[in-house]
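Working notes for the structure below.
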Amino acid sequence: MFNALPQGLSRRKFLVGGAGGALGALISPGRVMAKERGLPNDPFIVLLKGLYRPVPKGHGPDDNLGLSKVVNLSDGSYSTTKIYPIFGITKSSDQDRAIGNFYVQFEGGLCAYELPGGAIVMSFNGAPAGAPPGYNGFVPHPDGERGTFLEGTFELTILEATGIYRDFQGGHNHMVDRLHQLANGSFNEFCFCNISQYQFP
């Protein structure tokens with residue numbers, strides 16, 4: 001199904017299958033209050049890492065993570081891998097320990113993050129006219145072992161956010177992705193996600 005790898009193919013198709021000023025900002029009252037309340041930093045960064053496995057129809061997470069009908073994680077169109085903390089999630093400092101699950105559609109433009117204290121739904125933005133290869137799309141590189149590294153950056157819009165992440169609704173995610181398509185057709189993810197309340201233009 002993934003034998004053809006044309007340049008700039010969208011992620012959706014490939015997924016088938018001053019120091020003082022900086023310190024002042026870090027310790028500002030708003031940030032201190034957020035930390036005391038256990039809220040995530042703005043922005044916070046997570047890593048999506050590991051082999052994807054399909055979520056069989058009817059076997060998604062209980063109660064659809066409390067999300068609205070924007071996503072149905074039990075409809076059979078999603079695959080999942082693990083989420084690891086990198087920066088800005090309170091009480092999650094062990095970068096070798098998974099803190100949640102990432103769900104993405106093989107066909108379609110939606111994904112969901114299951115995180116400590118809530119969940120987030122996002123949609124992948126389309127590539128604008130004239131975008132260079134690798135912008136909201138993958139550029140393939142052979143791995144030398146009959147597989148392919150798929151590299152690119154992606155911009156996503158946050159459609160829904162619950163729990164301690166609710167202030168991120170309407171915000172933005174900047175992904176830097178190196179997705180490895182193995183020779184057996186499976187996918188191994190390695191993707192940094194910079195998630196912020198900033199609304200991407």
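What follows is calculated from the coordinates using simple rules that are stated; it is not laboratory data. These numbers come from a predicted model, not from an experiment. When we count neighbours, we look across all protein chains shown, and the Cβ atoms used for this are built from the backbone with ideal geometry, even at glycine.
Within the shell defined by Cβ-Cβ distances under 10 Å, the residues around Ile99 carry a net charge of +1, with Lys and Arg each +1 and Asp and Glu each -1.
Taking a sphere under 14 Å around the Cβ of Gln169 and counting the other residues whose Cβ falls inside, with K and R at +1 and D and E at -1, yields a net charge of -2.
Once the Cβ-Cβ distance of Asn41 and Asn125 is raised to the sixth power relative to R0 = 25 Å, the FRET efficiency obtained is 0.60. For the range 33-160, the number of Lys pairs separated by eight or more positions or lying on different chains, with C-alpha atoms closer than 27 Å, is 11. Put simply, the Cα atoms of the range 40-196 extend 43, 35, 34 Å along their principal axes, the longest span coming first. For Asn136, the residues whose amide H sits under 5 Å from its own are Thr153, Phe154, Glu155, ignoring neighbours fewer than 5 places away on the same chain, with H placed 1.01 Å from N.
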